[in-house]
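Below is one structure, written out as structure tokens; comments come after it.
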Amino acid sequence: MGAPEFVPYTERYEPGIAPELAAERFHDVVRRRRTVRHFSDRPVSHETIEWLVRSATTAPSGANKQPWRFVCVQDAATKRAIRVAAEEEEREFYAHRASPEWLADLEPLGTDPTKEFLEVAPWLVVVFRLTRGDDGTNVYYGQESVGLACGFLLAAAQFAGLATLTHTPSPMGFLGDILGRPGHEKPFLLIPVGYPADGCLVPRAALSRKPLDQVLIRV
Ligand code: IYR
């Protein structure tokens with residue numbers, strides 16, 4: 001290994017306005033994001049999805065190993081297979097696996113085992129976490145890295161005027177089987193991307209945010 005090389009940091013993004021204002025504007029975009037469970041079948045271009053994934057891949061990752069794969073599903077038969085398998089797991093979850101407390105916590109969201117959005121949304125972005133590099137080398141902080149990348153993807157979709165849902169069927173092993181992914185790729189998150197259905201409703205309970213003084217500690 002040679003000595004590390006460094007290059008000048010030239011690509012800074014300077015919005016040309018005060019950071020207070022720029023940060024407020026960004027907040028005004030992301031604060032409008034709602035998890036949507038009723039999608040329109042209105043198409044979203046492949047190019048759009050590519051840009052979203054490019055944004056996701058700008059996230060920092062442990063030792064820059066980029067331990068992620070984004071399987072972007074548009075094919076109707078594959079979406080159907082994912083829906084069928086997910087609903088099977090969800091039926092188990094709601095009937096047996098979830099604790100009473102968990103079910104009570106979900107009640108205000110009005111979720112149930114029916115996952116029509118898995119067929120209706122034009123794209124399902126299935127995010128996998130690599131437990132090793134494709135060349136067999138180590139990865140580090142995989143959960144954190146992939147979580148950050150997903151956050152970037154959600155923010156990019158919101159900025160593009162698109163709706164997303166962070167769906168976590170549990171267990172998610174069927175996603176690797178249906179999508180034919182190798183063993184070192186573990187399903188992490190399933191993100192339907194598209195436009196909300198006409199008249200889409202979202203649960204009131206999901207609108208509330210903790211006040212800043214409960215989440216921000218100034219020292
Ligand atoms: N995966 C189930 C249950 C579920 C769990 C949590 I935590 C949520 O925030 C929402 C739903 C489902 O998708 O219905």
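Assorted remarks:
- Whenever a residue of the stretch 206-217 is within 21 Å of LEU109 (Cβ to Cβ), it has no partner that is open to solvent by 90 Å² or more (accessible area, probe 1.4 Å) and modelled with pLDDT under 95 lying with C-beta atoms less than 6 angstrom away and at least six residues away or across chains.
- Enumeration of residues in the stretch 125-165 that are within 15 Å of the chain's Cα centre (by Cα), open to solvent by 50 Å² or more (accessible area, probe 1.4 Å) and more than 30 Å from HIS96 (Cβ to Cβ): GLU144, LEU148, PHE152, PHE159, ALA160
- Summed over the stretch 194-219, residues that are loosely packed, with under 10 Cβ neighbours inside 10 Å, in contact with a Lys or Arg (Cβ under 9 Å, 6 or more places away or on another chain) and part of a loop (DSSP other than H, G, I, E, B) total 1.
- Every pair of residues 6+ apart whose Cβ atoms lie under 7 Å, when the first sits in the stretch 157-181 and is touching a residue at least 24 places away in the same chain (Cβ under 8 Å) and in a loop (DSSP other than H, G, I, E, B) while the second is open to solvent by 50 Å² or more (accessible area, probe 1.4 Å) and of a type in the set (Lys, Arg): LEU165/ARG37
- Every test in (1) assigned to a helix (DSSP H, G or I); (2) exposed (fewer than 11 other Cβ atoms within 10 Å of the Cβ) is passed by PRO4 save one, and that test is (1).
- Qualifying residue in the stretch 116-124 (condition: open to solvent by less than 70 Å² (accessible area, probe 1.4 Å), more than 16 Å from the ligand (Cβ to nearest atom) and modelled with pLDDT of 95 or more): yes
- So VAL29, is it in contact (Cβ under 8 Å) with a residue 40 or more places away in the chain, in a helix (DSSP H, G or I), within 30 Å of ARG204 (Cβ to Cβ) and out of contact with any His (no Cβ under 6 Å at 6 or more places or on another chain): yes
- THR168 vs. criteria among the β-branched types (Val, Ile, Thr), open to solvent by 20 Å² or more (accessible area, probe 1.4 Å) and out of contact with any Phe, Trp or Tyr (no Cβ under 7 Å at 6 or more places or on another chain): yes
- Filtered by the rule that a residue be in contact with a Lys or Arg (Cβ under 7 Å, 6 or more places away or on another chain) and either open to solvent by less than 50 Å² (accessible area, probe 1.4 Å) or modelled with pLDDT under 95 (or both), the stretch 172-187 gives HIS184, GLU185.
- Selection over the stretch 77-102 of residues that are within 14 Å of the ligand (Cβ to nearest atom), of a type in the set (A, V, I, L, M) and open to solvent by less than 60 Å² (accessible area, probe 1.4 Å) gives a count of 4.
- For the stretch 41-49, the criterion of being outside any helix (DSSP H, G or I), open to solvent by less than 100 Å² (accessible area, probe 1.4 Å) and within 14 Å of the ligand (Cβ to nearest atom) is met by none of the residues.
- Considering the stretch 103-115, the residues that are assigned to a helix (DSSP H, G or I) and near the ligand (Cβ under 10 Å from one of its atoms) include one that is most open to solvent (accessible area, probe 1.4 Å), namely ASP105.
The values are calculated or read from the model by the stated rules, or taken from the named source; none is laboratory data. Treat the numbers as computed from the prediction; the structure is a model and nothing was measured. Neighbour counts run over all protein chains shown; Cβ positions are idealised from the backbone, glycine included. All accessible areas refer to the heavy atoms of the entire protein, side chains included, with ligands and DNA or RNA removed. Shrake-Rupley method; radii C 1.70, N 1.55, O 1.52, S 1.80 Å.
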